[in-house]
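Undergrad: Have a look at this one before I ask anything.
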Amino acid sequence: MDILIFVFIFLLGTIIGSFLNVVIFRFNTGKAITKGRSICMTCSRTLRWYELIPVLSYLFQLGKCRRCAEKISHQYPIVEFVTGLIFVLIAYHFIPALFFAPFLYLFLVTFYVFIFSILIVISVYDIRHKVIPDKLVVIFIITSFLSLFINHFGIGPLFILPSIPFVIAGPVLALPFAFLWLVSKGKWMGLGDAKLMLGIGWMLGLSIGLASIILAFWIGAIVSLSIMFFTLKKISMKTEIPFAPFLIIGALIAFLFSLNIFSLASLFQF
C-alpha cells in the first residue's frame, strides 16, 4: 500500500513537472502561463491529450513531434521525471511525521514540494538563460521566510516564533555571495545567487545551509572538470557557468539527508 502511495506521488510530480516546463518556456516571453493549450514549438500544432502524458509521450514518440518530426527538447521528460522523483523523496523525508501527526505530514509535504517546484524552475531557467528570474526568487525568499514560523516537530502548535539563529541564517549565508558580486561587479557571482542563498539560509538554517554551500561548490567543481574532460573546453573566470543549479542541488541533498556542517566534516574523518 505504501508503494502505491509513492507511485501516486511520483505520477503527480510528473504532472506538476509538465506544468513547470510550461512555466520555464513561457516565463518572461509575454505568453500567458495558465492560458492556452500546449503546442509544438516548431510547427505550432495544438497537441492532443495523448501527446501530453508526462515522460511516456516523449518515449512513445521517440522524442519527435508527430506532425513535423522535429526533435522535442530533452528538457521535457527530464524535468517531469526529476520533479516526480523529488516529490517522492520529500514525501519519504517527512514519513516519521505521518505516524504521529498526519495533518502536519500533509502540510509539510505540500509546503516543501511547492518550494522545490519553484527551485526546479529557477534552476532550469538559469541553465537556459544564464539568469535567475527575480520574480521567482522573490517568491522563494518569501516562502522560505514563512517556513521559519512552522513547527516541524509536531509537538505543540503548528506555527511558532522562530529563534534568532534561524532568522539571521538567511542574511549571514547570503552576505558572502553579495560581497563577491559587489567586489567583482557581477563577474564572479550574480546578485541572484545571493538572493537565492538568502532563501536557502532561511529554509535550512545556518549549519545545514552552510553544508549545502560546500556541497554546491563540490558539485560545481566536479561538473566543471567533467565538462573540460569530455568536451576539451577550457573553463576560465570568464566562462559563464550558472551556479544556481549547484546551490539548489546542494540544498536538496542537505535538506533530504539533514546534513549539517559537522556531519559533513565527519565523512572525512578516518
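Undergrad: Among (1) under 16 Å from the mean Cα position of the chain (by Cα); (2) in a helix (DSSP H, G or I), where does V131 come up short?
TA: (2)
Undergrad: Return the only residue of I253, I241 being closer than 29 Å to L108 by Cβ, surrounded by 11 or more Cβ atoms within 10 Å (Cβ to Cβ), modelled with pLDDT of 75 or more and not acidic (D, E).
TA: Numbers: I241 fails: closer than 29 Å to L108 by Cβ.
Within the list I253, I241, the selection yields I253.
Undergrad: Report the residue count in the stretch 1-57 for those that are farther than 21 Å from C68 by Cα and of a type in the set (D, E, K, R).
TA: Final tally of qualifying residues: 4.
Undergrad: Return the total of residues in the stretch 22-56 being among the polar types (S, T, N, Q) and within 24 Å of the chain's Cα centre (by Cα). Can you show your working first?
TA: Here is the first cut: in the stretch 22-56, the ones among the polar types (S, T, N, Q) are 28-29, 34, 38, 42, 44, 46.
Okay, now just the ones that are also within 24 Å of the chain's Cα centre (by Cα), so 28-29, 34, 38.
Matching residues across the stretch 22-56 total 4.
Undergrad: Checking L215 against (1) surrounded by 18 or more Cβ atoms within 10 Å (Cβ to Cβ); (2) farther than 20 Å from I122 by Cβ; (3) hydrophobic (A, V, I, L, M, F, W, C), which test does it fail?
TA: Exception for L215: condition (2).
Undergrad: Just to be sure, is V55 closer than 24 Å to H129 by Cβ and β-branched (V, I, T)? Steps first, answer last, please.
TA: Values: closer than 24 Å to H129 by Cβ: no; β-branched (V, I, T): yes.
Here the answer is no, as V55 does not meet what is asked.
Undergrad: Restricting the search to the stretch 173-188, which residues are surrounded by 12 or more Cβ atoms within 10 Å (Cβ to Cβ) and at pLDDT 85 or above?
TA: L173, A174, L175, P176, F177, A178, F179, L180, W181, L182, S184, listed by residue number.
Undergrad: I've got another one for you. State all residues of the stretch 23-37 that are in a helix (DSSP H, G or I), among the hydrophobic types (A, V, I, L, M, F, W, C) and without any contact (Cβ under 8 Å) to a residue 24 or more places away in the chain; if no residue qualifies, say none. Steps first, please.
TA: Keep residues of the stretch 23-37 that are in a helix (DSSP H, G or I), which gives 23-26.
Now drop any that are not among the hydrophobic types (A, V, I, L, M, F, W, C), which leaves 23-25.
The answer is F25, and nothing else.
Undergrad: Also: Any residue in the stretch 1-22 that is of a type in the set (D, E) sitting within a Cβ distance under 8 Å of a residue that is at pLDDT 95 or above? List the pairs, counting only those 6 or more apart or interchain.
TA: Note: no pairs meet the criteria.
Undergrad: Take V137 and tell me if it is more than 21 Å from I24 (Cα to Cα) and either in the same structural domain as F19 (by TED's automatic domain parsing) or of a type in the set (V, I, T) (or both).
TA: Details: more than 21 Å from I24 (Cα to Cα): no; either in the same structural domain as F19 (by TED's automatic domain parsing) or of a type in the set (V, I, T) (or both): yes.
It is false that V137 is more than 21 Å from I24 (Cα to Cα) and either in the same structural domain as F19 (by TED's automatic domain parsing) or of a type in the set (V, I, T) (or both).
Undergrad: Confirm whether S147 is under 11 Å from W202 (Cα atoms), surrounded by 14 or more Cβ atoms within 10 Å (Cβ to Cβ) and touching a residue at least 24 places away in the same chain (Cβ under 8 Å). Show your work before the answer.
TA: Working: under 11 Å from W202 (Cα atoms): yes; surrounded by 14 or more Cβ atoms within 10 Å (Cβ to Cβ): yes; touching a residue at least 24 places away in the same chain (Cβ under 8 Å): yes.
Judged against the criteria, S147 is a match.
Undergrad: Of all residues in the stretch 168-192, which are outside any helix (DSSP H, G or I), of a type in the set (A, V, I, L, M, F, W, C) and either farther than 20 Å from S144 by Cβ or in contact with a Cys (Cβ under 6 Å, 6 or more places away or on another chain) (or both)? I'd like the intermediate steps shown before the answer.
TA: Residues of the stretch 168-192 that are outside any helix (DSSP H, G or I), as a first pass: 185-190.
Pick out the ones that are also of a type in the set (A, V, I, L, M, F, W, C) and you get 188-189.
Selection gives W188 alone.
Undergrad: Sticking with this one: Can you tell me which of Y92, Y50, Y58 is in a helix (DSSP H, G or I) and either modelled with pLDDT of 90 or more or not assigned by TED's automatic domain parsing to the domain that holds L20 (or both)? Outline the logic, then answer.
TA: Values: Y50 fails: either modelled with pLDDT of 90 or more or not assigned by TED's automatic domain parsing to the domain that holds L20 (or both); Y58 fails: either modelled with pLDDT of 90 or more or not assigned by TED's automatic domain parsing to the domain that holds L20 (or both).
Going through Y92, Y50, Y58 in turn, just one is in a helix (DSSP H, G or I) and either modelled with pLDDT of 90 or more or not assigned by TED's automatic domain parsing to the domain that holds L20 (or both): Y92.
Undergrad: Kindly indicate which of F81, F8, F87 is at pLDDT 90 or above, surrounded by fewer than 17 Cβ atoms within 10 Å (Cβ to Cβ) and either hydrophobic (A, V, I, L, M, F, W, C) or assigned to a helix (DSSP H, G or I) (or both). Give the derivation first.
TA: Working: F81 fails: surrounded by fewer than 17 Cβ atoms within 10 Å (Cβ to Cβ); F87 fails: surrounded by fewer than 17 Cβ atoms within 10 Å (Cβ to Cβ).
After applying the criteria, what remains is F8.
Undergrad: For the condition farther than 24 Å from M197 by Cβ and surrounded by 17 or more Cβ atoms within 10 Å (Cβ to Cβ), what is the one hit in S123, S57?
TA: On the way: S123 fails: farther than 24 Å from M197 by Cβ.
Result of the check over S123, S57: S57.
The values are calculated or read from the model by the stated rules, or taken from the named source; none is laboratory data. Since this is a predicted model, take the numbers as computed values, not measurements. Cβ: placed from backbone, ideal geometry, glycine included. Neighbour counts: every protein chain shown.
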